[in-house]
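Worksheet for the structure shown next.
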Protein chains: 2
Amino acid sequence: MKINVMSDILKANDLLAQGIRKELEGRGIVSWNIMGSPGSGKTLILEHLIPLLPPHVKSAVVEGDLATSKDAERIAKTGVQSMQINTNGACHLDAAMLRSALSGINFDGISILFIENVGNLVCPSGFDLGENGRIIVLSVTEGDDKPEKYPSMFRTADLVLLNKIDLQKQTDFNIGRFSEGMKKINPDAKILKVSAVNETGFAQLVQWVVDRLP
Amino acid sequence: MKINVMSDILKANDLLAQGIRKELEGRGIVSWNIMGSPGSGKTLILEHLIPLLPPHVKSAVVEGDLATSKDAERIAKTGVQSMQINTNGACHLDAAMLRSALSGINFDGISILFIENVGNLVCPSGFDLGENGRIIVLSVTEGDDKPEKYPSMFRTADLVLLNKIDLQKQTDFNIGRFSEGMKKINPDAKILKVSAVNETGFAQLVQWVVDRLP
């Protein structure tokens with residue numbers, strides 16, 4: 001009985017997500033679902049990435065948080081449209097929440113939609129939002145054992161941003177151990193070492209994003 | 001309909017949790033539910049705390065993870081009994097999982113049970129495990145805005161361990177902003193600044209734990 005209810009919820013979500021994907025693709029927009037732990041640096045990466053994109057590449061951002069509009073306010077300062085979703089306690093975004101948020105965005109001239117999910121390395125992975133791909137942010141301060149300990153999340157990544165690489169020497173994060181874990185869970189994911197505070201690796205990140213424009 | 005199902009699940013969990021609490025208290029055991037983001041340092045704190053407890057204070061540990069037994073293996077090296085729960089994708093422990101794990105522990109002479117929950121700053125807060133209190137671990141690398149952004153978690157804390165304090169100067173973590181957030185969400189929680197790698201603040205942490213022995 002419990003399984004049926006969960007299955008119905010997921011089915012309804014998938015139908016909504018398919019509609020979102022079709023609509024965005026029809027408008028020539030590529031969309032990225034950005035996921036990671038609280039404080040892994042998702043918002044700061046967007047704050048630094050957006051101004052580095054070529055001038056003709058316009059983006060919009062949807063921010064997901066349990067509470068507050070702090071993240072959408074930070075993103076708005078970069079000059080792009082940003083919408084905040086408050087999940088009021090829910091541990092992930094779903095397609096219905098995104099559907100509502102999208103109705104507040106003017107998509108004229110927009111070619112990228114960044115969706116920053118709730119900070120959580122578990123739940124967001126189970127919910128398709130209609131995105132074209134997934135970017136997982138892991139900071140080196142979280143430890144190199146995370147791909148194996150949170151396989152459902154890392155299995156779905158197109159790109160893993162290994163953030164706070166400037167702090168690596170202050171931690172025991174071992175790139176070899178991390179890469180071994182990724183090979184077991186998701187050998188196809190691209191891995192980029194970045195630091196949002198000093199924009200290490202951001203030239204490669206910009207290139208990765210630009211290469212995937214529609 | 002959905003709400004009824006969720007309410008029934010929580011009711012069943014609460015009944016089981018009450019049974020666990022009664023049983024542990026009857027055995028003279030105090031239990032702590034330890035929660036925080038992936039990589040906040042929950043396991044490393046236990047690895048350093050357990051050997052610093054007075055010799056007559058024996059503890060046991062239950063570790064919750066989506067996958068792997070890495071954490072229970074780390075804890076076992078301190079010489080205490082440790083049990084690993086794999087949630088197989090679930091984002092939090094519940095009382096039924098803990099009930100199963102407890103059947104594998106010999107409680108003779110044990111006075112503290114540490115339960116390390118799944119790394120997640122959202123879901124574990126909603127599930128009573130029968131614990132006597134809650135310890136939230138937040139690392140300074142996660143940012144000072146977390147109490148307001150994850151209120152359901154911080155509202156339930158008896159103790160907040162502000163971990164990785166040795167890295168504070170490499171971050172923009174502002175203790176004043178963090179304390180303001182905590183005052184809004186949970187003014188009664190005790191806050192201790194700690195670093196598991198060099199045991200900063202561990203004398204106070206040991207004292208806090210010892211003061212709360214049955």
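The numbers here are math on the coordinates, done by the rules we state, and not lab data. These numbers were taken from a predicted model, which means no experiment stands behind them. Here the Cβ is made from the backbone with ideal geometry for all residues, glycine too, and neighbour counts use every protein chain on show.
Tabulated data
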{"read-out": "Zero-based 10 Å bins, Cα pair distances in segment A:167-214, whole percents", "value": "21, 41, 34, 4"}
{"read-out": "DSSP-assigned coil residues among chymotrypsin sites (Phe, Trp or Tyr not before Pro) in segment B:93-149, each with at most 16 further Cβ atoms within 10 Å", "value": "B:Phe107"}
{"read-out": "Label 7 Å beyond Cα on the Cβ vector: A:Ala12 copy-to-copy distances, nm", "value": "2.1"}
{"read-out": "log₁₀ of I(q)/I(0) at q = 0.12, 0.14, 0.15 Å⁻¹ - chain A, Debye sum with one point per alpha carbon", "value": "-0.60, -0.83, -0.96"}
{"read-out": "Chain B - percent relative contact order, Cα under 8 Å, separation 6 or more", "value": "25 percent"}
{"read-out": "Chymotrypsin sites (Phe, Trp or Tyr not before Pro) within segment B:133-196: DSSP coil, no more than 10 neighbouring Cβ in 10 Å", "value": "none"}
{"read-out": "Neighbourhood net charge (9 Å Cβ-Cβ; Lys/Arg +1, Asp/Glu -1) for A:Ile75", "value": "-3"}
{"read-out": "Euclidean distance between Cα centres, segment B:95-115 to segment A:6-53, Å", "value": "41 Å"}
{"read-out": "Label distances, nm, A:Val206 versus same residue in remaining copies, Cβ-directed 7 Å point", "value": "5.3"}
{"read-out": "Cα-derived Rg over Rh, computed across segment A:86-200 with Rh taken as Kirkwood radius", "value": "1.00"}
{"read-out": "Shielding by partners - mean other protein chain Cβ count within 10 Å, residues of A:149-156", "value": "4"}
{"read-out": "Across the identical copies, how the A:Ser100 labels are spaced - nm, sorted shortest first, 7 Å along Cα→Cβ", "value": "3.5"}
{"read-out": "Evaluated at q = 0.17 Å⁻¹: base-10 log I(q)/I(0), Debye formula over Cα of segment B:1-114", "value": "-0.88"}
{"read-out": "Relative contact order of segment A:149-214, defined on C-alpha pairs under 8 angstrom at six or more residues apart (%)", "value": "39 percent"}
{"read-out": "Shielding by partners, peptide B:116-126 (average Cβ within 10 angstrom, other chains)", "value": "5"}
{"read-out": "Filtered trypsin sites (Lys or Arg not before Pro), segment B:47-84: DSSP coil and at most 15 other beta carbons within 10 Å", "value": "B:Lys77"}
{"read-out": "Shielding by partners - mean other protein chain Cβ count within 10 Å, residues of A:128-134", "value": "0"}
